[in-house]
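Notes follow once the structure below has been shown.
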Amino acid sequence: MKQLGQKAMRGAIRVGMAAALPIAGLAWWKRDEIARLRAVNRLFEPDRIVGNFSNMPALFHSREIARGDGPVSELVHGTEEALPEGVEDWIERRWVTALVKLRHGQITHERYFRGTAPEDLRISWSMAKSFLSATLGILHHQGVIPDLDAPLTRFAPQLKGSGYEGVSIRDALVMSSGVAFNEDYLDFHSDINKMGRVLAMGRSMDAFAASLKIREAEPGARMLYVSIDTHVLGMVIAGATGADPAEVMRELLIAPMGLEAAPVMLTDGLGVSFVLGGLNLRTRDYARFGQMFLQKGFWNGRQIVPEDWVAQSTALQAPKGEGYGYQWWVPVDTAEHGGDYFARGIYGQHIYVSPATDTVIALNAADWRFKEEGVEEENLAMLRRIAEVS
């Protein structure tokens, strides 16, 4: 009996090892995907978030966007300007990591916090949407995408049969596609977090966009902020040009700007750029982009973005007077604030443009408490105060 028991035990061990080997092999084969998924699940933890936001290309698929061979466009230092009272507490409370202020095109304040440095490539999150809009605007001016009221499916036939069928390019530009999309970053089961897992597991963003079938509203009826709307604009650019939108951005926008460092764009597993939030730049280069818009698209000795596109992008365009232009945020009371507008990314990223004060503020942060009530109102009030103080 003892011998039979030992044989049975050895047999069970062999069976267990035989079953474990394929699992171990699968884990080895999928090790990169598993590592990225773990990174996604811990991306925003307070003890990791600052470092993660400066090292996103190490956590996800990515591609470098060549900055071009031209010289770096100069940002000279002007007279140092003090920041308003209370700003130090705000910087600490909102986990600000970088702040660059330009007045009359000159750097008048520049500081980095929480161990970050000027050389860090900081994740844009949704500020990338404004870069994509600028790229699309250049293509529109060139006649490559001539009609903003054309259906998305004219250039992105993969979207036929999805919630995006019948949606126009303009609808997507102003976040009024009507497609249902849960944007709650704190809900594990939300669409935005499902999208994050698509990236982590190396799957297709195009397929994910095409899988969205449900609408909350008719196209163009009302503004519903849906980040995936920006991805389908990237699909339009790819269909119109035959190139990945990051490569189009490189040629039309990045290379002419004379940035300090080559940006990096996160991608899905097929190499398709994560244009709705995957851009990584130095903070001074975010400031350069804002300054170009302040100068009506003119920068580095040339008209990069058409002046009329800048004007349209930064004016109220969304249905029913909502505070949105072409992938730029525009305060509903913009006249009261001298025509201010801004690019905004989750966790506290901002490019704030104040034409009345001739000021641009580029702000990076890692504010893991961004969902607290009143945070965005607090941030905008402080940015306005910073712009006004000379």
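So residue 117 fits all but one of (1) in a loop (DSSP other than H, G, I, E, B); (2) open to solvent by less than 20 Å² (accessible area, probe 1.4 Å); (3) within 19 Å of residue 57 (Cβ to Cβ); what number is the exception?
Of everything listed in (1) in a loop (DSSP other than H, G, I, E, B); (2) open to solvent by less than 20 Å² (accessible area, probe 1.4 Å); (3) within 19 Å of residue 57 (Cβ to Cβ), residue 117 misses just condition (2).
Of 283, 357, which residue is touching a Lys or Arg at 6+ places or on another chain (Cβ under 7 Å) and farther than 27 Å from residue 170 by Cβ? Give the steps one after another, and end with the answer.
On the way: 357 fails: touching a Lys or Arg at 6+ places or on another chain (Cβ under 7 Å).
Answer to the selection: 283.
Being open to solvent by 20 Å² or more (accessible area, probe 1.4 Å) and touching a helix residue (DSSP H, G or I) at 6+ places or on another chain (Cβ under 6 Å), is that true of even one residue in the stretch 103-110?
no
Of everything in the stretch 76-102 that's among the small types (Gly, Ala, Ser) and closer than 18 Å to residue 359 by Cβ, which residue is most open to solvent (accessible area, probe 1.4 Å)? Reasoning before the result, please.
First, pick out the residues of the stretch 76-102 that are among the small types (Gly, Ala, Ser): 78, 82, 86, 98.
Of the ones still in play, those that are also closer than 18 Å to residue 359 by Cβ are 78, 82, 98.
Details: 78: 24, 82: 67, 98: 2 Å².
Here the residue is 82.
Can you tell me which residue within the stretch 345-358, out of those that are touching an Asp or Glu at 6+ places or on another chain (Cβ under 8 Å) and part of a strand (DSSP E or B), is farthest from residue 54 (Cα to Cα)?
From the stretch 345-358, those touching an Asp or Glu at 6+ places or on another chain (Cβ under 8 Å) are 347-348, 352-357; that's our starting set.
Now narrow it down to the ones that are part of a strand (DSSP E or B): 352-354.
Working: 352: 21, 353: 24, 354: 27 Å.
Per the stated criteria, the residue is 354.
Applying the selection to the stretch 72-104, what residues are on the phi > 0 side of the Ramachandran plot and over 24 Å from the mean Cα position of the chain (by Cα)?
Initial filter on the stretch 72-104 (on the phi > 0 side of the Ramachandran plot): 86, 95, 104.
Passing the criteria: 86, 104.
Mind listing just one residue for me: the one in the stretch 297-338 that is among the hydroxyl-bearing types (Ser, Thr, Tyr) and in a helix (DSSP H, G or I) and, of those, nearest to residue 356 (Cα to Cα)? Spell out how you get there, then give the answer.
Filtering the stretch 297-338 down to residues among the hydroxyl-bearing types (Ser, Thr, Tyr) leaves 313-314, 324, 326, 334.
Add one more test, that the residue is in a helix (DSSP H, G or I), and what stays is 313, 334.
Working: 313: 18, 334: 11 Å.
Filtering first and then ranking leaves 334.
The values are calculated or read from the model by the stated rules, or taken from the named source; none is laboratory data. Owing to the predicted nature of the structure, the values given are computational and were not obtained by experimental measurement. Neighbour counts are summed over all protein chains in view; Cβ atoms, including those assigned to glycine, are modelled from backbone coordinates with ideal geometry. Ligands, DNA and RNA are stripped out before the accessible areas are found, and what is left, the full protein with its side chains, is counted by its heavy atoms. Shrake-Rupley method; radii C 1.70, N 1.55, O 1.52, S 1.80 Å.
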